[in-house]
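Below is one structure, written out as structure tokens; the observations come after it.
The values are calculated or read from the model by the stated rules, or taken from the named source; none is laboratory data. Note that the coordinates shown come from a computational prediction; the quantities given were computed from them, not determined experimentally. Here the Cβ is made from the backbone with ideal geometry for all residues, glycine too, and neighbour counts use every protein chain on show.
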2 protein chains.
Amino acid sequence: MRSEPKQKRGKQRVEIILNSASELFAEVGYDNATIIEIAARAGTSVGSIYQFFSNKEGILRALVEKYVEDVSRVYTDIDAEAFPSMTVEEIMQAVLLPLKEFIRENRDFQAIFSNSTGSNLVEELMAPINGMWAQRTNEIFINAYPQISPKELKKYNLICMTVVKSLLGLAHHSDDISLDEVFEEMQHVLVRYMTPVFEEMGE
Amino acid sequence: MRSEPKQKRGKQRVEIILNSASELFAEVGYDNATIIEIAARAGTSVGSIYQFFSNKEGILRALVEKYVEDVSRVYTDIDAEAFPSMTVEEIMQAVLLPLKEFIRENRDFQAIFSNSTGSNLVEELMAPINGMWAQRTNEIFINAYPQISPKELKKYNLICMTVVKSLLGLAHHSDDISLDEVFEEMQHVLVRYMTPVFEEMGE
DNA sequence: TATGAATATGAATTCATATTCATATTTTAC
DNA sequence: GTAAAATATGAATATGAATTCATATTCATA
């Protein structure tokens, strides 16, 4: 940010700008969003945006900062130790439920990243978050199924994460299916995919 | 296209331009590709590109036209009538195998669309292709499992298509997993996901 | 209520990229 | 061999979006 708002008016303006930007980024993606449109939606002028943010990138960075704390909590709250005794259903449930809560409360966040593939900046800002997530779910898999080789588990983790991300995107884009339905099917896909893997190796 | 090439020289130039553009679009996405870079890669000048193509969009349209015939053949070759007697494995195999062949021979095509999410033009050009695909696989499902309601089948089709598309993208982006491996896992994901659905309803 | 700091404004500027155009070269057809 | 058509070139221009900046207004504080 170029300068922190000092007055109540400024703080409000920054809030409004962030909300408008979040909304617009979610609708059209980061690259397709223009500063003029953000200003228009925020009921302000481009100058006021640059009063507080050094550039368009700064707006996105501020948004990511706002969200990133919540994002990491989604995964760190989970106790990996508990997993060896759980069934595949329970493991997936334990991973997907907090994610669902987060998505429900941060629809824009999900939409921004689902609509901004191809933006180098967005990819860059998401990389650490994705990395954190991948590492966390990988730990969970390793804890739950120590008898399977880490290399195999990494592959399954990759597949599962890809499926999850794409179905989250589907929930956002399609009017034919609700978020709840998507999560229900997501759970089915993952459980049914992983069950034979774990059973076979677990015997 | 602005004008068809008349001479051998022109036809060659158009070919080279299309190949260079296809490559670049695949690498960085349609929006991030510049005409200057396409010209540089094609060893020609921007003027020569505009000799044959009316604009950047025209290059993409020409590429899509080149591919679209092959794409549709992937699906129309499949005989939907044969499906009622097939197992889930066989159905998925029958759908995925031709797709795999197509992808193998048209890596760029897949990459362009996997790297150009967020481009309005690319979405627009892909819409009919995706629609055709969705309709075709939906028909296959309906033929194979007439006892399941079309509405349900549509939902499963949506989920399956989303999974397939995302895993194709994974194959392109990740160095950790090969195209063959991706297709193997894709087959597992789909078969395991759909088997309980079909068994339950089929009894 | 006066003064400086904070905030607001949008026209002007910058900048990157698409597109055009005047001009040059090569090929074709007679 | 030569004129017309086709193709080639890249500097000039057009375009649109990000960013700046001179100027105006509002707020906090004495």
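Do we have any residue at all in the stretch B:142-153 that's within 12 Å of another protein chain (Cβ to nearest Cβ) and surrounded by fewer than 19 Cβ atoms within 10 Å (Cβ to Cβ)? There is at least one residue in the stretch B:142-153 that is within 12 Å of another protein chain (Cβ to nearest Cβ) and surrounded by fewer than 19 Cβ atoms within 10 Å (Cβ to Cβ). Quick check: anything in the stretch A:117-134 away from every other protein chain (no Cβ under 14 Å), under 19 Å from the mean Cα position of the chain (by Cα), modelled with pLDDT of 95 or more and surrounded by 15 or more Cβ atoms within 10 Å (Cβ to Cβ)? There is at least one residue in the stretch A:117-134 that is away from every other protein chain (no Cβ under 14 Å), under 19 Å from the mean Cα position of the chain (by Cα), modelled with pLDDT of 95 or more and surrounded by 15 or more Cβ atoms within 10 Å (Cβ to Cβ).
Considering only residues in the stretch B:159-181 that are of a type in the set (A, V, I, L, M, F, W, C), facing another protein chain (nearest Cβ under 8 Å) and part of a helix (DSSP H, G or I), the one that is nearest to B:Gln135 (Cα to Cα) turns out to be B:Ile159.
Exactly one residue out of B:Glu57, B:Glu69 is at pLDDT 95 or above and exposed (fewer than 15 other Cβ atoms within 10 Å of the Cβ), and it is B:Glu57. Any residue that is away from DNA strand C (no atom under 12 Å from the Cβ), assigned to a helix (DSSP H, G or I) and under 20 Å from B:Ser114 (Cβ atoms) - is there at least one of those in the stretch B:25-40? Yes - at least one qualifying residue is present in the stretch B:25-40.
For the stretch A:118-158, filtering for residues that are touching a residue at least 40 places away in the same chain (Cβ under 8 Å) and part of a loop (DSSP other than H, G, I, E, B) leaves 6. The residues in the stretch B:21-57 that are within 19 Å of the chain's Cα centre (by Cα) and away from DNA strand D (no atom under 12 Å from the Cβ) can be counted, and the count is 11.
State all residues of the stretch B:19-44 that are β-branched (Val, Ile, Thr) and touching a Ser or Thr at 6+ places or on another chain (Cβ under 7 Å); if no residue qualifies, say none.
B:Ile38
Can you confirm whether B:Val88 is within 14 Å of another protein chain (Cβ to nearest Cβ), crowded, with 19+ Cβ neighbours inside 10 Å, in contact with a Gly (Cβ under 9 Å, 6 or more places away or on another chain) and among the hydrophobic types (A, V, I, L, M, F, W, C)? Answer is no for this residue.
Filter the stretch A:1-20 for residues that are assigned to a helix (DSSP H, G or I) and more than 10 Å from DNA strand C (Cβ to nearest atom); which is surrounded by the fewest Cβ atoms within 10 Å (Cβ to Cβ)?
Initial filter on the stretch A:1-20 (assigned to a helix (DSSP H, G or I)): A:8-20.
When the remaining residues are screened for being more than 10 Å from DNA strand C (Cβ to nearest atom), the result is A:15, A:18-20.
On the way: A:Glu15: 12, A:Leu18: 18, A:Asn19: 14, A:Ser20: 21.
Per the criteria, the residue is A:Glu15.
Taking the stated definitions as given, is A:Lys100 within 14 Å of chain B (Cβ to nearest Cβ) and not hydrophobic (A, V, I, L, M, F, W, C)? Judged against the criteria, A:Lys100 is not a match. Checked against the criteria, B:Thr162 counts as out of contact with any Cys (no Cβ under 8 Å at 6 or more places or on another chain) and of a type in the set (Ser, Thr, Tyr).
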